[in-house]
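Enquirer: Mind having a look at this structure? Questions to follow.
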Amino acid sequence: IRRMIKSNAPLAEDYRYGFHYDLPCHTDRSAFPAPDASELQRQVELRTLAHQAMEQVLEPHEDTEAIRIWPHHFDSGSLITLTRLPNGTPLSTIGLGLAIPDDMVGSHYLYVSPWHADGTADTTDLPELSEGRWSTTEWKGALLDAEDLDPERAVRFFKEASEALLEPVRH
């Protein structure tokens, strides 16, 4: 990373590799085992389903980000920007996507989460979802287990949760 930054920027020595979470170093240098072909196919189908559902939900919004795989979480996701400062910096967004199993949920899951620059994003007192559930703990947002997910359920979840966060724009 430093070598690439140095070749492209004069301040490479100022770069600090730091995450807001622990990312253990992989010390076993042996080859990873070959993945199971059927599991790979299931994962391709799940990411495709989530991507297509996000496209439908993002389409009517004016200020959205391209759907991408975020390298720090390996989730497929996008943002709907609700408000910006005059200089273009986002003030509030709604993130939506497909996350891989983690400490919060032990299986793949869809999520919709609010963010506000001043840290006041809130998911309390929201209407119950027909698909998934609201989390009001440290992480605030809506979650839906992706097991046995179909396109209609995915679109319904993304739409319902994002609309709940829009009415009124909550922060």
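The values are calculated or read from the model by the stated rules, or taken from the named source; none is laboratory data. Not measured: the values here are computed from a predicted model. All Cβ positions, glycine included, derive from the backbone under ideal geometry; neighbour counts span all protein chains shown. Accessible surface areas use protein heavy atoms only, side chains included; no ligands, DNA or RNA. Shrake-Rupley method; radii C 1.70, N 1.55, O 1.52, S 1.80 Å.
Enquirer: GNM on the chain, C-alpha springs below 10 Å: top fluctuator among ALA34, ALA121, ALA50?
Expert: Evaluated over the chain, the most mobile residue of the options is ALA34.
Enquirer: Can you give me the distance in nm between label points at SER38 and ASP63, each placed 7 Å from the Cα along the Cα-to-Cβ direction?
Expert: Going by the 7 Å Cα→Cβ label model, 4.7 nm.
Enquirer: Something else about it: Once you charge only the Cβ atoms, +1 for Lys and Arg and -1 for Asp and Glu, what is the size of the charge dipole of the chain about its Cα centre, to the nearest 20 debye?
Expert: 820
Enquirer: Please give the per residue volume of the convex hull enclosing the alpha carbon atoms of the stretch 80-148, rounded to a whole number of Å³.
Expert: Per residue, the Cα convex hull of the stretch 80-148 comes to 104 Å³.
Enquirer: Name the residue, out of PRO24, PRO101, PRO35, whose mean-square fluctuation peaks in a Gaussian network model built on the chain with Cα pairs under 10 Å.
Expert: Maximum fluctuation in the GNM of the chain, among the listed residues, is at PRO24.
Enquirer: Right, another one. Would you tell me the accessible area of ILE67, worked out with a 1.4 angstrom probe on the heavy atoms of the protein chains, in Å² to the nearest 10?
Expert: Rounded to the nearest 10, the figure is 40 Å².
Enquirer: Want the number for GLU147 to SER30: 0.36 nm per residue separation, take away the alpha-carbon distance, what's left?
Expert: Net length gain for the segment: 39.0 nm.
Enquirer: Something else now. Per Stokes-Einstein, at 10 °C and 1.306 mPa s, what whole-number D in µm² s⁻¹ belongs to the chain, with the Kirkwood radius over Cα pairs as the hydrodynamic radius?
Expert: 88
Enquirer: If I stretch the segment between ARG133 and ASN87 completely, what's the gain in nm (0.36 nm per residue apart, minus their alpha carbon distance), one decimal?
Expert: Roughly 13.0 nm would be gained on extension.
Enquirer: Cut-off 10 angstrom, C-alpha nodes, Gaussian network model of the chain. Which of ARG156, ARG47, ARG84 fluctuates the most?
Expert: Most flexible of the set in this elastic network: ARG84.
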